[in-house]
Amino acid sequence: MTGQEIVRIAATRIGQKYVLGAKVPKTDPNWQGPWDCAELASWALMQATHILFGTRPQNNPVRADAYTGYWGEQAHAAHAIVTIEDAAGIPGSFILREPISSAGGHIVISDGQGGTVEAHSTARGVIRHTISGRRWDFGIVVPGVNYGTGTAPVTVTTPPATIAATSNAVTYRLTRPLMVGQKVAEIQTALQNHGQNPGHIDGVFGPRTQAAVIAFQNSQGLVPDGEVGPDTARALGV
């Protein structure tokens, strides 16, 4: 029932298929996919520890539906939240970007060294990836898991929450107040050039632009979170 075992089990599924909304029987040790991010996280946790977490509340782990929103709700209720830096140094902890508005969230399993195992996207499937350079909300240490002792925080770089003139690492997304600027206009133009409709090219990252980003991400097999981070920006050419 260790965090290292969660990582080891999840890593056996690297290279397998991703399908958004896939349903996985959490008690099946032979499941070979497809996966989505929350289903892989809950399945690996169940296989390693027999703990059901991150699912709609029910007693049947075969039918339990894992979802990033449930991961966030249960983590708050269980007081299981830690900093992203702490989670990055704890093997088998989880790092979450919560779903907002009409955009999905994302969850990954920390390998304890600043990397992840995750069901990433349609285009990439289950992969190893990095924590730095991506936007997250918080880390999660699931109650009942033996995470050991002596773990240390890992330095993690995350994009700023607002546009800064000195930063080249902003994740553009729907915020309050809305993100505004020339780079947003470039994103809107790129979306339009890729056949998506962000509304007027006005440099304002509003709901129409978010919807166009999600449509573009789905068309490219990217994580459909409505945010323009490094992967989506690269695909858009901005």
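The values are calculated or read from the model by the stated rules, or taken from the named source; none is laboratory data. Computed from a prediction, not measured in an experiment: that's the story for all the values here. A quick note on method: Cβ atoms are made from the backbone with ideal geometry, for glycine too, and the neighbour counts reach across all protein chains shown.
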| query | Quick one: is G15 at pLDDT below 95 and either more than 24 Å from D137 (Cα to Cα) or in the same structural domain as V223 (by TED's automatic domain parsing) (or both)? | reply | no
| note | Of (1) within 23 Å of V223 (Cα to Cα); (2) out of contact with any Asp or Glu (no Cβ under 8 Å at 6 or more places or on another chain); (3) touching a residue at least 60 places away in the same chain (Cβ under 8 Å), I90 satisfies every one except (1)
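For the stretch 25-42, which positions are more than 16 Å from the chain's Cα centre (by Cα), under 17 Å from V117 (Cα atoms) and at pLDDT 95 or above? First the steps, then the outcome.
Here is the first cut: in the stretch 25-42, the ones more than 16 Å from the chain's Cα centre (by Cα) are 25-34.
Narrowing further to those that are under 17 Å from V117 (Cα atoms): 31-34.
Hits for the stretch 25-42 are W31, Q32, P34.
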| field | Residue count, the stretch 141-168 (criterion: among the hydrophobic types (A, V, I, L, M, F, W, C), modelled with pLDDT of 65 or more and surrounded by 15 or more Cβ atoms within 10 Å (Cβ to Cβ)) | value | 5
| remark: Okay, helices (runs of 4 or more DSSP H) sitting entirely in the stretch 167-238 with 1 or more residues that are closer than 15 Å to R135 by Cβ and hydroxyl-bearing (S, T, Y), I get 230-236
| request: Identify the single condition in (1) more than 17 Å from V223 (Cα to Cα); (2) outside any loop (DSSP other than H, G, I, E, B) that W31 does not satisfy, given that it satisfies every other one. | output: (2)
| said: Suppose we filter A10, A48 for residues that are assigned to a helix (DSSP H, G or I), at negative phi and surrounded by fewer than 22 Cβ atoms within 10 Å (Cβ to Cβ); which single one remains? | reply: A48
| request: Scan the stretch 186-203 for residues that are hydrophobic (A, V, I, L, M, F, W, C) and either touching a His at 6+ places or on another chain (Cβ under 9 Å) or crowded, with 18+ Cβ neighbours inside 10 Å (or both) and jot them down. | output: I187, A190, L191
